[in-house]
Structures are given as structure tokens and as C-alpha cells.
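Asker: Encoded as C-alpha cells, here's the structure I'll be asking about.
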Amino acid sequence: MNNESKSVIERKDFQALFDALSAEGYKISGPTVRDNAVIYDEIGSAEELPIGWTDHQEGGSYRLTKSKKKTLFGFILGPYTWKKLLYPPEKKIWEAQKSDRSFEIVEAESKPIKQAFVGVRPCELKAIGIQDKILRDGQHSDPEYGALRRNLFIVAVNCTNPGNNCFCVSMNSGPGVSDGFDLALTEMFNGKDHYFVIEAGSRAGKKILEKIPHRPAKPEELEQAEKAVERAASKMGRSLDMKGLKEILHNNFDSHYWGEIAKRCLTCGNCTMVCPTCFCCNIEDTTNLGGDRAERRRYWDTCYSVDFSYIHGGSIRSTDYSRYRQWLMHKIAYWQDQFGTPGCVGCGRCITWCPVGIDITEEAGAIREKA
Amino acid sequence: MAKMQNKSKTSDISLIDPMLVQAYTIQRVVRETFDTFSLELEPQSGGGEFKFAPGQFNMLYVYGVGEVPISISGDPSKEKPLIHTTRAVGTVTKAMKNLKVGDTIGIRGPYGSSWPVKEAEGYDVVIVAGGIGLAPLRPVIYYLLQHRNKYGRIVLLYGTRTPEDMLYRKQLEKWRSRFDLETYLTVDRATGSWRGNVGVVTTLIGRAPFDPLHSVAVVCGPEIMMRYTVLELLKRGVDEEKTYISMERNMKCGIGLCGHCQLGSSFVCKDGPVYRYDNIKHAFTMWEM
């Protein structure tokens, strides 16, 4: 990273980023507060960001509180992930119109819209990269995902204040970004000064930056921003020792400890819904009541359902422990065999949004200890 | 593999969804057994070119009911008709059984890995099938017989529950009369006028005429049958690395995107259905993997 390429935008000029993105035709999505949580949705201005809001996370707990600091990105992460906007939870794939003894397939319209995501955390950027490998770069790909990715503009925001459930340092995915963004910000606020150290990571990023009032960053501003991110690395709420973990899990497939976890696991699937990398989906074919129109839809699915592995005669994974094991084994071990990277980025959402607070770092650690 | 990935990078530009199905017309329905039937299909769009490798499968869509993965059972050297042999056991396959000549079925494919016909050149080939497991193996039998001089002895061992459960009976009779194919049949229970072998298919392995040290084995049937068949083959001296089996799991997309068919670290739809035994043997002894 070249420090000379870094600039500073003052807080008062931050709206210019939104204006520049809008002028380029991007539909802007970013964090905003709704129903006592920070979610990602379409936003039109910087004022819709969670100004002054911060979140407190524990296993099975998420609380939003107002702080005195008027930061724009003073929260950690909400329950939503960007996959919602790149690989929608529900999508019509095609319709079929029945004729006498045949049918005609009509492909569902898909518009590869230009999107800009403002406020992508480093762990989430890594998660998008992981989904790219699965949904875009494999032998077969999802055409809509590929099109949305090509038209995506990413404004990443480095973390300076990680939460209790964060462990991106363990997963090598944060707290600062290194590549894969168009613009990357570090928000600096000391009560008096409020500014953003900004860096362009692409030609599209440079083009947008040129339209925003900015000035070269002073050495002390750069140093402070760098230190803030460095400090964040030492403030991780949790850690996951990945050393040899894949092999340990493979070797402990039959451990009785899976049963211990299952005593608490409700197999609700929340962890898969909030996970930024989980990609499993279901395909459903339905017909209208008249029977002359059928359609195929894709839905996010979860490996925690009994139906997930059903083939004639029954479900492959009928016990609750086998389904928890499938999820954790997939995230940490199988994923590495399949895609050359773990399926976990250390965002901690599965810990926060688990109704009983099951903690992936704790459980993987327990398997390691008992091995 | 690297070549394929490059190809997909460029096809990424295309907006053609791999989930789109092609309409095929049912030209002929063959009732194989009381619950199993073969459909002979031709594409409505004309052209008719459907190339597949023995062992691959298609996703079959019954209008308004759903989609299921079914192995291709026809002759890989013929572009028409496309043949699928299916047993009516679930919602979609039961609806499929009610389809008639002239009806339409949706097809996506072919997907998945195939039987090792190239690797088997120069070797004896042992084909072991249990029940409906003969359906995914029939293309490899066609292939081997068409390229007969490239292989050593070819042995087909086929077991079913009763004589009435045997697929492709007329074809089996023809195959049995050939001098270049050893066909051995067995049933779990002898009914009617059956005078042949009685017992599970593994009982045929010990006395079948092949050289275990120079053989490639291809096995398809219920998982429990495959497990014990492989044990018998290994006992006779066949190499794990020359033994292949075909697996089955819940599949929704068939192209490695939906996650349903995962078996440990592999996706049965794209890494399978045909596996070399040593690559998948760990899964046989792992409950609920």
C-alpha cells in the first residue's frame, strides 16, 4: 500500500461520496438502523447511516445503543450480509407455460443493476471473495451473481473498534483491508476532528474519489489511522486457533463431543442465514392452481433442516448432532478441501445470532482439546 | 480442470442460466419391471445432439412436480434417443411413471463424472450391478462392447431381489449368449421358474473369471451392496485404485451450487457420481456424513 495515494475527506464532505456514486448511476446500499438493528438497505444519503449508533454483541445477544460520538461507522456488524444483495434469499429462475402436451420455459428477467455497497467490513470483503470462488469462478456459475459482481462498487470501511464476537485476525480477514475494494476508508473521530482517510483500490475508485472534495493526508493522520487499525487487531473479542484444525476436525468426525453441542443446538439454521459465506440453496418447482403455469424458484436453504439431505427412504442426517457437525465441518474443514480457503471469516455473526449462544470458536477449540 | 475453469470464466459473461431446462418429447416408454420404466426421449428443438460419457446423469423435470437426478442409460455412441431408466419411488418419479408417449419432459445435463473407460484399457473389466444399479452401468457396457478389442475379459455380475426385478431382460439374454462377455446373474429369492443362482451378488465375485491383479471394477447399486462388493473385490486382490463406484445424494442443482449433495469434502454432483473407491472409502464407514 502506497501511503502517498491516501487522502482525507472531512466529515462535512462525506455526502459528496453518495452524490458521486449516484451521479455514476449506482444504486447505493449501506448500513442503516431499523427495528433496533443495523441492517443493509438502499440509502440515499450519509444521514441515513447509523450516526452515533453502536452495537454490543455477546453470544446470543445483540443490543444497539446511542453513543455520544457522532461516528458514521461506530457499530460492528448487523445480522444482514451483502450476499442478500448479490445472491438474493429468494429468486424466480423461470416460468413454464403449459400447452397441450408440452410446456414453454420463459427465463425470469434479471437486470444486472449497478450497485454500490458503502460500509463493507474487511471480513465481509473476504466473504464476498469466497462467494466469488463458489458462485462465479467454478466449473458452473450463477450468471446473475457474476453480472452483479461485475457491476459492483465497493466502499470498504476498516475496523477500529471490533466487538466481543469478532475474530477476523484469526481468519486473516481483518481488521484492515488490503485489496478487492474500490475505495477503502478509515473513520477517525477524536471529539474535535472527524475525517476519513481514504484510499482508491481501482480505476473506478479513483474516478469517484476525484469527484469528492479531498486533500492529501498528513503524515500524522496516516499514522493515527494505521495505529487505530493496528490497535483493533489486538482488541479481538475472540480467537480461533486454525493451526492444524482441518485435520483435527477430520480426525474427530466420530467424537462424542458433537452430541454435547447438540444438547444446546436448536438446529434453527440462524447461523447459516447470517453467515456471509453460506451459499446453500433450495430449488422449488410450483404450479398455480389452474395448473397451466409453473415456476422454479431458488431460496436460501440451511443444512440444519432434516429435508436438506433427504433422498428416497429418509434423511441422510436425521440426528441434530450430525447436522451441527455438517455445518462446522463444512465451514472449517470441507470448505478448505473444496475451495482452498475456510468458509469462515471471523465476523462472529453466528455467535451473536445463535439463540442459545453457541460459539464456533469455543466448540472448535473444544474439539481440538478433546482430540 | 484448469482448462475448464478458463472456459467458465469466459462463459461468465453469458447470462444463460444453467438452471434452464430443454424440452424433450417421450418417444417410447418401456416397462422394465413393475416399478421401473425406461423413457426414450428426443429434443423438441431438433438438432438431437446429446453427447454424454457413460456414468453421467441428467436432471429430469416433470412439469409442475419437480426435478430429479437420473443417470443416463442409453448408448453413448448414439445421439438419439436419450434414454433414462427410473424407478418410481418419490413424488417426481411417480409422476414420471404416469407420463405417456408424446408427453414432454425437461432435461438439464449431462453432469458429473464418468466411468473410467480410458483407464480400463488393457485390463479385464468387472461390472457389478445391484438392482436398479444396472441402469447407470448400461452405457459403459455398450461402450466396452463397441471397443471390445481394447479390453481383456469383461464380466458382468448382476443381482436383484427376485427375477422379476431384473432390468433389460431381453438384453441380458443376448449378452449372456455372447462369447466375449461373461454374464452371471443371481437373485436374493428365486420365484417362478428361476433355476439360476440364488444369493446376493457378492457371492458371484469369488468365482467370476477375471484376473484380479489386472482388473478394473465398476460397481453400482445400493450403498450397502457396494460396500460389501468392494470388500469382496479387494479380498480377491483387485486394487482399490482400480475400483470405481457410483454414489447418490439429494441434488437440487446438479452443478455444485446448491450444497445439498455434499458428502464430506466432495460434491456428489460434480466430483461424483462416479468415484474411485480409495477417494471415497472413508465415507462408507461414517454415519450421517
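The values are calculated or read from the model by the stated rules, or taken from the named source; none is laboratory data. Quick caveat: nothing in here was measured; it's all calculated off a predicted structure. Quick reminder, even Gly has a Cβ in these numbers, built from the backbone with ideal geometry, and neighbours come from all protein chains shown. Side chains are part of the model used for accessible areas, which takes the heavy atoms of the whole protein and leaves out ligands, DNA and RNA. Shrake-Rupley method; radii C 1.70, N 1.55, O 1.52, S 1.80 Å.
Asker: How much accessible surface does B:I83 have with a 1.4 Å probe, in Å² rounded to 10?
Answerer: 20
Asker: Which value results for Rg/Rh of region A:268-364 when Rg is the Cα radius of gyration and Rh the Kirkwood radius based on the inverse mean 1/r?
Answerer: A ratio of 1.05.
Asker: In terms of solvent-accessible area of protein heavy atoms at a 1.4 angstrom probe, what is the ranking of A:E90, A:E24, A:E210, B:E173, highest value first?
Answerer: My answer, sorted largest first, is A:E210, B:E173, A:E90, A:E24.
Asker: Give the Cα extents of chain A along the principal axes, in whole Å, largest first.
Answerer: 68, 59, 37
Asker: From Cα coordinates alone, what are the radius of gyration and Dmax values for region A:172-279 in angstrom?
Answerer: Values for region A:172-279 (Cα only, Rg and Dmax): 20.9, 60 Å.
Asker: Would you give the gap between the C-alpha center of region A:168-221 and the C-alpha center of region A:1-46, rounded to a whole Å?
Answerer: One Cα centre to the other: 12 Å.
Asker: Okay, moving on. Per residue, how large is the accessible surface of region A:245-370? Use a 1.4 angstrom probe and give square angstrom.
Answerer: 38
Asker: Under 1.5 on a/c is rounded, so check that first for region B:18-111, then, if it is not, pick prolate when a/b is larger than b/c and oblate when it is not; a ≥ b ≥ c are the square roots of the alpha carbon gyration tensor eigenvalues.
Answerer: rounded
Asker: Could you rank B:D103, A:D320, A:D35 by how accessible they are, 1.4 Å probe, largest area first?
Answerer: Solvent-accessible surface, decreasing: A:D35, A:D320, B:D103.
Asker: What whole number of Å gives the distance from the Cα centroid of region B:210-289 to the Cα centroid of region A:271-341?
Answerer: 22
Asker: Size of the dipole of chain A about the Cα centre, Lys and Arg at +1 and Asp and Glu at -1 on the beta carbon, nothing else charged, in debye to 20?
Answerer: 460
Asker: Next up: What is the dipole size for region A:276-371, taken about its Cα centre, with +1 at each Lys and Arg Cβ and -1 at each Asp and Glu Cβ, in debye to the nearest 20?
Answerer: The calculation lands at about 120 debye.
Asker: Output the pairs from A:K70/A:K227; A:K6/A:K70; A:K12/A:K69; A:K27/A:K66; A:K263/B:K281 with a Cα-Cα distance over 26 Å in this structure; if there are none, say none.
Answerer: Long pairs (Cα-Cα over 26 Å): A:K27/A:K66; A:K263/B:K281.
Asker: Please give the charge dipole size of the protein assembly as shown, origin at the Cα centre, charges +1 on K and R Cβ atoms and -1 on D and E Cβ atoms. Round to the nearest 20 debye.
Answerer: Magnitude of the dipole: close to 620 debye.
Asker: Let me ask you something else. Quick check: the distance between the Cα centres of region A:49-119 and region A:224-270, to the nearest angstrom?
Answerer: 25
Asker: Rounded to the nearest percent, how much of the accessible area of the protein assembly as shown (1.4 Å probe, protein heavy atoms only) is carbon and sulfur?
Answerer: 49
Asker: In addition: How much of the pair distance distribution for region B:124-246 lies past 16 Å, counting alpha-carbon pairs only, in percent?
Answerer: 57
Asker: What list of ³J(HN,Hα) values in whole Hz, one per residue of region B:209-223 in order, does the Karplus curve 6.51 cos²θ - 1.76 cosθ + 1.60 (θ = phi - 60°) give from phi, with Gly and Pro shown as x?
Answerer: Those phi angles translate into x, 8, 9, x, 7, 10, 10, 10, 10, 10, 10, 8, x, x, 4 Hz.
Asker: Moving to a separate point now. Restricting everything to alpha-carbon atoms, can you work out Rg to Rh for region A:80-163 with a Kirkwood hydrodynamic radius?
Answerer: Looking at region A:80-163, the ratio lands at 1.13.
Asker: P(r) of region A:321-362 in 10 Å steps, Cα pairs, percent per bin?
Answerer: Histogramming region A:321-362 at 10 Å steps yields 28, 55, 17, 0 percent.
Asker: Need one number for chain B: average projected area of the convex hull over its C-alpha atoms, nm².
Answerer: 15.8
Asker: Quick one: which bits of region A:263-303 get at least 10 Å² less accessible when the partner protein chains are in, versus the chain alone, with a 1.4 Å probe?
Answerer: A:F279, A:C280, A:C281, A:N282, A:I283, A:D285, A:T287, A:A294, A:R296
Asker: Can you tell me the orientation of helix B:134-146 relative to chain B, as the angle in degrees between its alpha-carbon axis and the longest Cα principal axis, to the nearest 10?
Answerer: 80
Asker: Grab every C-alpha pair in the protein assembly as shown, bin the distances at 20 angstrom width from 0 up to the longest one, and report whole percents.
Answerer: 17, 44, 29, 10, 1
Asker: Using +1 at the Cβ of each Lys and Arg and -1 at the Cβ of each Asp and Glu in the protein assembly as shown, identify which of B:P222, A:G269, A:Q338 lies farthest towards the dipole's positive end.
Answerer: Value: B:P222.
Asker: Moving on. Mean projection of the alpha-carbon convex hull of region A:4-157 over all orientations, in nm²?
Answerer: Averaged projected hull area, Cα only: 13.6 nm².
Asker: Continuing with the same structure: Which value, in Å² and to the nearest 10, is the accessible area of B:R176 when all protein chains are kept and the probe is 1.4 Å?
Answerer: In the full protein context, B:R176 sits at about 140 Å².
Asker: Projected onto the charge dipole of the protein assembly as shown (+1 at Lys/Arg Cβ, -1 at Asp/Glu Cβ, origin at the Cα centre), which of B:S246, B:Y168, A:G348 gives the Cα projection farthest towards the positive end?
Answerer: Of the options given, the answer is B:Y168.
Asker: Right, another one. For region A:3-54, what class follows from the C-alpha gyration tensor (a ≥ b ≥ c being the square roots of its eigenvalues): rounded when a/c is under 1.5, otherwise prolate if a/b is larger than b/c, else oblate?
Answerer: In terms of gyration-tensor shape, oblate.
Asker: Let me ask something else about it. So what's Rg/Rh here for region B:186-289, counting alpha carbon atoms and using the Kirkwood radius for Rh?
Answerer: So for region B:186-289, dividing Rg by the Kirkwood Rh gives 1.05.
Asker: Next up: Quick one: angle between helix A:219-233 and the longest Cα principal axis of chain A, in degrees between 0 and 90, rounded to 10, please.
Answerer: Tilt of helix A:219-233: around 30 degrees.
Asker: Summing both sides, how much accessible area is buried between B and A? Use a 1.4 Å probe and give Å² to the nearest 100.
Answerer: 4700
Asker: Tell me, what is the 1.4 Å probe accessible area of B:W175, in Å² to the nearest 10?
Answerer: 10
Asker: Among A:R349, A:R121, A:R264, which one moves the most in a GNM of chain A with springs linking Cα atoms closer than 10 Å?
Answerer: The residue that fluctuates most here is A:R264.
Asker: Name the residues of region B:252-282 whose accessible area, probed at 1.4 Å, falls by at least 30 Å² once all protein chains are in place instead of their chain on its own?
Answerer: Those residues are B:K252, B:I255, B:L257, B:C258, B:H260, B:Q262, B:G264, B:S265, B:F267, B:K270.
Asker: Compare the Cα positions of A:I28, A:P162, A:N252 along the charge dipole of chain A (+1 at Cβ of Lys, Arg; -1 at Cβ of Asp, Glu; about the Cα centre) and return the one farthest towards the positive end.
Answerer: The listed residue farthest towards the positive side: A:P162.
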